[in-house]
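Peer 1: Sharing a structure here in structure tokens format.
The values are calculated or read from the model by the stated rules, or taken from the named source; none is laboratory data. Since the structure is predicted, the reported quantities are computational estimates derived from the model, not experimental observations. Here the Cβ positions follow ideal geometry from the backbone for every residue, glycine too, while neighbour counts run over all protein chains shown. The protein model used for the area step is the full one, side chains on, heavy atoms only, and it has no ligands, DNA or RNA in it. Shrake-Rupley method; radii C 1.70, N 1.55, O 1.52, S 1.80 Å.
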Amino acid sequence: MSFTPGLAGVIAAESSISSIDGQNGILRYRGIRIEDLAENSSFEEVAYLLLFNALPTADQLSAFDARLKAHRSIPEGIVTLLGSLPDTTHPMVALQSAVSALAAYYPHFEVEDSAKNEEAIIRMIACFPTIVATFDRLRKGKEVLAPNADLDHAANFLYMLNGEIPDEKQRRIIDVALVLHAEHGFNASTFTGRVVGSTTANPYGSLSAAVGSLSGPLHGGANERVLHMLAEIDGGVDGVEPWFTQAQAEKRKIMGLGHRVYKVKDPRATVLQGMARDLFASHGSTPLYDMAARLEAIAKERLGEKGIAPNVDFYSGLVYQKLGMEIDLFTPFFGIARIAGWGSHWIEQLGNNRIYRPTQMYVGATDAQYIPMSER
Ligand code: ACO
């Protein structure tokens, strides 16, 4: 037996959903390169590809889209639950709670029925945006908006959030961001969902655990922290280098940099950087984009040899903020995309299931005696 902290390089399962070439910065969903999907596809099509292992025909896509639209609404009890949370609740906490509570409205005690399993995943893909938008509007004292069946997944999310139908450029950016974040192999949150799923727990319980895992700053929660980090830097672009030197001296992890698998720039970061650059050019420039680009350049000089480069979270927040999204919605938005990957992994796990039960290297006391309370 061997011990590998963080399970680095340990193969935990076979999977045919996505593959990553970390040395060359290549990501593929079901064999198709992410750049190709970002340019030509839509979130609905990618969700279908991930779930059913094939690109849909036009009829298949329109039937899938109709199923998604039919599952967008959430039970009134979930709206009440979201409304009962303090306004200060982080939206990831609200999302995790609501997803878990879906099991109360859609009991799912057996996971042997593949049609029922598929239904549960489609429901979650469809209603994650509704949960996030509903919570955001409730906490701001705004009227909750019903999903709009005339709009696609991306546009409907923005509509439910902002109360306005987005223009085509905004819709497309959100759609591409959804495509880029939909799946990424055995990352922490996907692994979490698969571990819980391997106990044959209900799908909502399994994937609400994945939401909790994604929320961490070392994982999906990094996208929010990048913006907080940039806000901490005084002096604009010129302030980046002294800030970086100080951060290095304090041995701080720089948010949005580094990855367990990628040793070069994450290909999703390249696409997101292009979108951020365009948005900053067309929607009024602030120093933020230039500061991020400067930070990337310094990191390349000083940490590049260690294989530390921008990951997906480095530029995404710049894009979302330019579209008017609040910082604490960045990670929930990641979850809205990633539920497609989590759901595909949950189904794959159950298709060839064995409960995850690794072992440990015991390093505690041995032969310790019980000491009565009066003698301690
Ligand atoms: N800033 C500075 N140094 C870093 C960074 C960083 N962001 N990331 C890694 N390093 C350094 C470590 O200090 C360590 O150096 P050492 O060998 O001198 O001790 C070395 O690189 C290896 O780092 P680990 O933390 O051991 O790498 P691991 O694979 O365990 O962690 C992780 C990967 C969690 C992503 C890490 O790079 C990190 O914390 N990054 C910042 C948070 C972040 O952006 N997370 C999002 C990742 S993408 C996603 O999950 C959606």
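Peer 1: With the dipole of segment 275-376 worked out from charges on the C-beta (+1 for Lys and Arg, -1 for Asp and Glu) around the Cα centre, which of Ile355, Ala368, Gly324 lies farthest toward the positive end?
Peer 2: It is Ile355.
Peer 1: Kindly identify the chain as rounded, prolate or oblate by the Cα gyration tensor criterion: order the square roots of the eigenvalues as a ≥ b ≥ c, call it rounded if a/c is under 1.5, otherwise compare a/b with b/c, prolate if a/b is larger, else oblate.
Peer 2: Working: a/c = 1.35, a/b = 1.01, b/c = 1.34.
The shape class here is rounded.
Peer 1: Let a ≥ b ≥ c be the square roots of the eigenvalues of the Cα gyration tensor of segment 1-89; is it rounded (a/c under 1.5), or, if not, prolate (a/b larger than b/c) or oblate?
Peer 2: Values: a/c = 2.42, a/b = 1.22, b/c = 1.98.
Cα axes put segment 1-89 in the oblate bin.
Peer 1: Further, regarding this structure: Sequence gap of 8 or more, or different chains, plus Cα separation below 30 Å: how many lysine pairs satisfy both in the chain?
Peer 2: Count of close lysine pairs: 27.
Peer 1: Please check: in the Gaussian network model of the chain (C-alpha springs, under 10 Å), which one of Met361, Met291, Met325 has the largest mean-square fluctuation.
Peer 2: Looking only at Met361, Met291, Met325, the biggest GNM fluctuation is shown by Met361.
Peer 1: Using packing as a proxy for protection, rank 49-56, 98-105 so that the peptide with the highest average count of other Cβ atoms within 10 Å comes first. It would help to have the intermediate numbers written out before the result.
Peer 2: Numbers: 49-56: 17.4, 98-105: 19.6.
Output ranking for 49-56, 98-105: 98-105, 49-56.
Peer 1: As an exercise, find the ratio Rg/Rh for segment 200-334 from alpha-carbon atoms, using the Kirkwood inverse-distance average for Rh.
Peer 2: 1.00
Peer 1: Moving to a separate point now. Counting only protein heavy atoms, what percent of the accessible surface of the chain is carbon or sulfur at a 1.4 Å probe? Intermediate results must be reported in sequence, preceding the final value.
Peer 2: On the way: 9240 of 17550 Å².
Reported share for carbon and sulfur atoms: 53 percent.
Peer 1: Could I ask something else about it? Just to confirm, what accessible area per residue do you get for the chain at 1.4 Å probe, in whole Å²? Mind dumping the intermediate values first?
Peer 2: Numbers: 17550 Å² over 376 residues.
Normalised by residue count, the accessible surface of the chain is 47 Å².
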